[in-house]
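Bear in mind that the values in this text are calculations on the coordinates, not laboratory data. Since the model is a prediction, treat every value here as computed from it, not as a measurement. Heads up, the Cβs are rebuilt from the backbone with ideal geometry, glycines too, and the neighbour counts pull from every protein chain shown.
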Amino acid sequence: MKLLDGKVASAHIREELKKNISHNKHKFPRPPHLAAILVGNDGASETYVASKIKNCEQIGMQSSLIRFPADSTQRELEEKIIEINGDPGIDGLIVQLPLPKHIDETKIIELINPEKDVDGFHPVNAGKLMLGQKGFVSATPLGILYLLKYYDIETAGKNAVIVGRSNIVGRPLSILLSLNKEPGNCTVTLAHSRTKNLRDVCLTADILVAAIGIPGFITADMVKEKAVVIDVGITRIDDSSKKSGYSLKGDVDFENVSNKCSYITPVPGGVGLMTIAALLSNTYNAYLNKFNGN
Ligand code: NDP
């Protein structure tokens, strides 16, 4: 088994971006700029956003973290998004999900200018992805494509099974892997909680992606010999041995599955890091689009 190491692959992407940003220093009036809106104080969201901001700094990208209290109104958030949409000094805008229950998430996402929607959640970008057109691809599926590419994993003609059909991971990835592109050209099955005989379906996979949110759900008996296994799941498990009080677990029973597959992503250190690298890459492209007029 070989590790699909998100640390190595994401470091490569960040290095490339850092070089390009530095190279463009004298060509463009300012560096790329990502704005992140964070509502409330959810522990996991705080960690994700902090990591995104830190990554921006490391590659010479500007960032702004805009915090709102948990009881902020829909109107207050919408006003901020409208302001950022019109701000020529900001290239990319993300709103960290999930939002508090009283906020209409769909309306918030639809308000983001698609040209700044570097999370790729806006219907315009989701539609372009569906059609195989140029647009912003949702960061987690894009990060997975980058990882497959970095490790030169052959995808054409392979059976890919994706477990989990969310709008931000499973569904867009199922479309991307089915497109006539590289990586792509897979025969794709998108499985979910109503799938019958899930074990048998998973056993058909040359490439198996788990995006469920249940730690250790994919066990060795569900995995074909020599399959490529991508674990998207991240769940916090109480762990008193850790300073933070928790450890992160993926959807795959790593210990047993790793004995059987050809490649596997670790958690942490796999898809999560690639997601951030893909977000940076989208932001850089939004910046290029602005100054190169693409
Ligand atoms: P969602 O909760 O939106 O979707 C989960 C999916 O899993 C649903 O489609 C659901 O099916 C399916 N599912 C649930 N139970 C079963 C079951 N018993 N058998 C088969 N399918 C099942 O999750 P997300 O896509 O947002 O996230 C999935 C995981 O990935 C989470 O752990 C999340 O934290 C992680 N994540 C990691 C990211 C990263 O950067 N690494 C980024 C985004 C998410 P149904 O539709 O029928 O309900």
query = Quick one: Debye curve from the C-alpha atoms of the stretch 231-294, no solvent, what's log10 I(q)/I(0) at q = 0.12, 0.17, 0.28 Å⁻¹?
reply = -0.49, -0.72, -1.11
ask   = In debye to the nearest 20, how big a dipole does the stretch 86-141 give about its Cα centre with +1 on each Lys and Arg Cβ and -1 on each Asp and Glu Cβ?
value = 160
query = What residue among Lys243, Lys116, Lys107 shows peak mean-square fluctuation when the chain is described by a Gaussian network model with Cα springs under 10 Å?
reply = Lys243
remark   = Listed by chain and number, the aspartates and glutamates with an alpha carbon less than 14 angstrom from that of Lys128, same-chain partners under 8 positions apart left out, are Glu115, Asp117, Asp119
remark   = Among Lys181/Lys260; Lys25/Lys52; Lys134/Lys181; Lys19/Lys116, the pairs whose Cα-Cα distance exceeds 19 Å are Lys181/Lys260; Lys25/Lys52; Lys19/Lys116
request  = Sort all Cα-Cα distances of the stretch 34-177 into consecutive 5 angstrom bins from zero, then give the percent of pairs in each bin up to the one containing the longest distance.
outcome  = 2, 9, 17, 20, 21, 15, 10, 4, 2, 1
note = With the 8 Å Cα cutoff and a minimum separation of six or more residues, the stretch 118-176 has a relative contact order in percent of 38
remark   = Eigenvalues of the alpha-carbon gyration tensor of the chain, times 5 and square-rooted, give semi-axes in Å, largest first, of 31, 22, 19
remark   = Rounded to two decimals, the Rg over Rh value of the stretch 144-284 from Cα coordinates and the Kirkwood Rh reads 0.96
ask   = How large is the charge dipole for the stretch 139-272, taken about the Cα centre, if only the Cβ atoms of Lys, Arg (+1) and Asp, Glu (-1) carry charge, to the nearest 20 debye?
value = 340
query = What pairs from Lys80/Lys290; Lys7/Lys242; Lys54/Lys224; Lys249/Lys290; Lys54/Lys226; Lys80/Lys101 go past 29 Å between their alpha carbons?
reply = Lys54/Lys224; Lys249/Lys290; Lys54/Lys226
key: Total charge dipole magnitude, the stretch 1-125, about the Cα centre, Cβ charges on Lys, Arg, Asp, Glu only, Debye to nearest 20   = 700
